[in-house]
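Here the structure is laid out as structure tokens; the discussion comes afterwards.
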Amino acid sequence: MPWHQFWKRKNKEAESETESAATESLPPHMQQIIQDRKRPDGASPDLQTKLSRLERNRLASLYDIEQGELAIQAGNPWQQRIQLLTEAMATVQADLNETKLIRRSPSSPPPDVSIEAIGAEIEPIAAVRFTIGEETFLYEEELDWSERGHQLAQSELQRRSGDVSQVIPEDAAGSLRDPLVRHLDESLFVFASDMRDRALDQLSLPQAVSLKDLAKPCPVCGGWTDWLGRCQACRQREAALQDLKREENRLLTERGREAEEQYRLKERLPIARRRLRDLDADIETLRSQISRSM
């Protein structure tokens, strides 16, 4: 390399270093102005940022137009979903009407066997005892103590002894014997729990009770009621009705949401088209400014 070219290159490097040092000593806004002048495309970063933002908005408007035009077409996805939800609601309504029908349940009275020697205690744990025929029934709570020696919470009674099937003769109730045994088994638990609660509340215990008091006919469906007069069949029907009503409300809400979304897209379509025209005009103007600044 000739010596004069070498010194020319060294001088340019020195001038560049001096200019960089001088630029760094300027305020930030002056440094930005100098950097803008050095941009190869000559365009202001503010204009480029604004152009990028407008182009993103244009894409969003194109999407709104696409969705709006789809929403006004026959057989659009929203109408299809609304139709499916309507069919599902019709099925739920049919199930509701079917469940509301009260069918008389077959029942048979239990044998008139007394429940005797009824007793309940609450210390050290709650326990209920009584006898039915030759069977002795014992229900106790699970022992659950805290560190300070106090029972933590009232627990559910557990049957320790007694079998209701042993006090129902084999020929009793005919084909309904097994359902009756299952009902009395549940009703005896309700009876024992009520005796426990009475003892906790220091209330007197009934002494003249028979199996018939634990399986009275339900005035609504004709089935059996428990010791507290509650019919399990009616309670199951009410629970099923509540589940179906919740499902019906869910489907109704979802169908309304689909209809609202379709209506919103249809209403926004003219606005989206007008906004796209405005954005195209703004983008064209901004691109012209950028071209003149280069």
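The values are calculated or read from the model by the stated rules, or taken from the named source; none is laboratory data. All values reported here derive from a predicted model rather than from experimental measurement. Note that each Cβ is placed from the backbone with ideal geometry, even for glycine, and that neighbours are counted across all protein chains shown. The protein model used for the area step is the full one, side chains on, heavy atoms only, and it has no ligands, DNA or RNA in it. Shrake-Rupley method; radii C 1.70, N 1.55, O 1.52, S 1.80 Å.
Here are the numbers for the structure shown:
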{"read-out": "Selected residue [within 34 Å of the chain's Cα centre (by Cα), among the aliphatic types (A, V, I, L, M) and open to solvent by less than 60 Å² (accessible area, probe 1.4 Å)] from Leu228, Leu269, Leu252, Leu276", "value": "Leu269"}
{"read-out": "Residue count for the stretch 166-184, restricted to those that are under 38 Å from the mean Cα position of the chain (by Cα) and surrounded by fewer than 15 Cβ atoms within 10 Å (Cβ to Cβ)", "value": "1"}
{"read-out": "Subset of the stretch 51-91 (residues that are acidic (Asp, Glu) and farther than 12 Å from Lys266 by Cβ)", "value": "Glu55, Glu66, Glu87"}
{"read-out": "Among (1) open to solvent by 80 Å² or more (accessible area, probe 1.4 Å); (2) within 36 Å of the chain's Cα centre (by Cα), the one test that Gln262 misses", "value": "(1)"}
